[in-house]
2 protein chains.
Amino acid sequence: MASSIHDLARHLNISIGTVSRALNGRADVNADTRQRVLEAARTLNYSPNQSGRSLRQGATHSIAFMLQPHPGDQQYGEPFFIPFLTGLQAKLAEHGLDLMVVMGEPGKYQQERLRRVVETRWVDAVVLANTRREDDRIDYLSKAGFPFATLGRSQSGDDSYPSLDIDFERAGAEAVDRLVARGHRRIAAIRPAHDLNFGYLFLDGYRKALQRHGIEIDPELIASGFISEAGGYEVTPQVMRSKDPPTAIIFNNDAMALGGCKALAEMGIRPGQDMAVIVIVDTPLCRYFSPALTAFRPALEPMGQRLAEMLLASLPAFGGPEGPRIIREVWPLELVARDSD
Amino acid sequence: MASSIHDLARHLNISIGTVSRALNGRADVNADTRQRVLEAARTLNYSPNQSGRSLRQGATHSIAFMLQPHPGDQQYGEPFFIPFLTGLQAKLAEHGLDLMVVMGEPGKYQQERLRRVVETRWVDAVVLANTRREDDRIDYLSKAGFPFATLGRSQSGDDSYPSLDIDFERAGAEAVDRLVARGHRRIAAIRPAHDLNFGYLFLDGYRKALQRHGIEIDPELIASGFISEAGGYEVTPQVMRSKDPPTAIIFNNDAMALGGCKALAEMGIRPGQDMAVIVIVDTPLCRYFSPALTAFRPALEPMGQRLAEMLLASLPAFGGPEGPRIIREVWPLELVARDSD
DNA sequence: CGTTTTTCCGTAAACGTTTACGAGAACACA
DNA sequence: TGTGTTCTCGTAAACGTTTACGGAAAAACG
């Protein structure tokens, strides 16, 4: 069915070696024959077989992004990643690399899938997201010497991989600053459980800012739960049970914020009026929620592009480890003031 | 770096042929040696190289889903597809197939990308979405004889490919029924432009239902625009300029509905109070918008699973065209009554 | 015109698998 | 014991590329 390089060579009455060289833009081929080869390739509808090509070259020219929906996330679904992926894909494409998103199964352990992708040499590098503080995926890739980059920081691995993260610490601190400036003293923080690193980072910023303002850190005002609407719904009442309940809540996650607002509403507390609410990572839902949620917004598409650059700079085939080693970057967020605080 | 089948064979002092047969579960290998091979494979951390494997077999055991963000969709990003992909991936994995999402560039013509994927034999089959009435991607795949399935109907191709769609006609009709039952007679319909097929299907149902109720179809109440918030914002005022303006609007798309509601608000018209609003395809945004938007919800994850089954049944390697040929299915939507109508 | 350089192309090996084929050994059967 | 069958494994070809190597022809040079 599909035409091979042999068909092309036979059709042109030249050797396959010449055809290959012509197509790959090598110098040692006559300009005239190159013309003819390219033309024939177009008419015969030839493109080199990916498997043959990568087998010979030992490179697939494609990068995997490991996407794993949170369990029970049936209706929600990570709108966060699409703009990021758009940027990532665009920049990779500039260098002739293809991006493929590898879907994991919601509940399952992603490690297994990652191993398959790596060991079977499907791709030349992988990009990870939702990094945890201790992340066995990172440890594995580090140890295996497989090229990768992460969206999000971690304490794992040998520290020599590119990573790009959002400045959750600063966002947490700025959220506190903003609320304090508006007269709040009892400020709660709600973050995802598990070991997701950004939850810790956020909390650090939150704590430091409170100290800076001379406000005591009350453990009763800090809670964590599943990173989902249900999680926010479940955990928000906890901080409200304090003897001296909060007048403001910072949510580290939009899904949890939505669930939290629902819980508040059921307690007769109106976000934006009776309770100030700030969300750390903005998504479309924050904008359309009522009241529209004040949130910190990352520049997702540029971040995707940047991480692609950083990954490329770490690949031997693209300038490699000799070039300038830009290992870690942390990007600021932009506050989008809305109606909830 | 990565161990090959030769390493394994050398380590066990047997031939690579036997190793391969042992790993692939063939019958003509001694139970004892198979044991040893499997064990060695585990300790040596061996997995067969994907490229070598597919080159030899002429099959990659992976399926591509072509995802293309709408242009300018920076913050929004198709939450629609994640649950669908989750279902698709789960069912494919049951049969040892891998799903990879191939990202297109937002504005660009997807055809080119598709051709590359197909011609380089990256995958064994593809799944398309956002089908158009005349869809050159489908024509291309049909003509090329490349296996594929579509989420959404089309008039293209040779009609022998599996497709699964939502019953937009019925949803359009039911939306009208519901509004008429609540006393509305002036009902507008807003759909995406381009040639997106579901826009036409929706409109058919809308028209038929109006006729059934003996309500005249007023072209002034029908409009189409870009499938985005901006599109809805831009086009909604058109139907409001009618001499006898609508008292209800059916949006064929959540993004357009959000833009439309914004436009209405700016005209001092409150959705849910001064204007009934129904959305055809529900997304999380509909639920969180204020007022919460009444919408029709598809069962995305089961749909993903089902389309995987249909695709598999059409693949020669999996029972193939001999088996029962389930070619087309149309699934109903479920009405989720909220506050906007 | 002889020599050296350059230009261009064909040959063949290699990448890591899978699999058709055949052969030796063990076994069953008469 | 001779013959046919079964079990197990090694050999080698093939999948479609890319690329190192070498050689013939053409060009450049003296």
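The values are calculated or read from the model by the stated rules, or taken from the named source; none is laboratory data. A quick note: this is a predicted structure, and the numbers were derived from the prediction, not measured. Cβ coordinates were reconstructed from backbone atoms using ideal geometry, including for glycine residues, and neighbour counts include every protein chain displayed. Remember, those area values only see protein heavy atoms, side chains included, never the ligands or the DNA or RNA. Shrake-Rupley method; radii C 1.70, N 1.55, O 1.52, S 1.80 Å.
Let's see how each residue does on (1) β-branched (Val, Ile, Thr); (2) closer than 30 Å to A:Pro106 by Cα:
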site: A:Ala193; (1), (2): no, yes
site: A:Gly225; (1), (2): no, yes
site: A:Glu229; (1), (2): no, yes
site: A:Glu234; (1), (2): no, yes
site: A:Lys243; (1), (2): no, no
site: A:Ile250; (1), (2): yes, yes
site: A:Gly260; (1), (2): no, yes
Report summary line: B:Arg297 fails exactly one of (1) open to solvent by 50 Å² or more (accessible area, probe 1.4 Å); (2) over 21 Å from B:Pro192 (Cα atoms), namely (2)
Query raised in the report: Considering A:Val117, A:Val102, A:Val127, A:Val123, which residue is at negative phi, assigned to a loop (DSSP other than H, G, I, E, B) and open to solvent by less than 10 Å² (accessible area, probe 1.4 Å)?
Result: A:Val123
Query raised in the report: Somewhere in the range B:223-246, is a residue of a type in the set (S, T, N, Q), buried (at least 22 other Cβ atoms within 10 Å of the Cβ) and on the phi < 0 side of the Ramachandran plot?
Result: yes
Report summary line: The residue that is nearest to A:Thr60 (Cα to Cα), considering only those in the range B:18-55 that are open to solvent by less than 50 Å² (accessible area, probe 1.4 Å) and away from every other protein chain (no Cβ under 14 Å), is B:Ser20
Query raised in the report: Is one or more of the residues making up the range B:208-217 more than 27 Å from B:Ser156 (Cα to Cα), within 14 Å of chain A (Cβ to nearest Cβ) and in contact with a strand residue (DSSP E or B) (Cβ under 8 Å, 6 or more places away or on another chain)?
Result: no
Requested in this report: Report, by residue number, each residue of the range A:1-49 that is within 41 Å of the chain's Cα centre (by Cα), within 11 Å of DNA strand D (Cβ to nearest atom), in contact (Cβ under 8 Å) with a residue 12 or more places away in the chain and part of a helix (DSSP H, G or I).
Outcome: A:Ile5, A:Val19, A:Ser20, A:Ala22, A:Leu23, A:Ala41
Requested in this report: Report yes if some residue within the range A:68-77 is open to solvent by less than 30 Å² (accessible area, probe 1.4 Å) and either within 8 Å of DNA strand D (Cβ to nearest atom) or modelled with pLDDT of 95 or more (or both); otherwise report no.
Outcome: no
Requested in this report: Output the residues belonging to the range B:92-142 that are at the interface with chain A (Cβ under 8 Å from one of its Cβ atoms) and either within 16 Å of B:Pro162 (Cβ to Cβ) or hydrophobic (A, V, I, L, M, F, W, C) (or both).
Outcome: B:Ala93, B:Leu99, B:Met100, B:Val101, B:Val102, B:Met103, B:Trp122
Query raised in the report: Of the residues in the range B:1-17, how many are over 17 Å from B:Arg53 (Cβ atoms), near DNA strand C (Cβ under 8 Å from one of its atoms) and open to solvent by less than 50 Å² (accessible area, probe 1.4 Å)?
Result: 0
Query raised in the report: Mind checking which residues of the range B:251-269 are out of contact with any helix residue (DSSP H, G or I) (no Cβ under 7 Å at 6 or more places or on another chain) and open to solvent by less than 10 Å² (accessible area, probe 1.4 Å)?
Result: B:Cys261
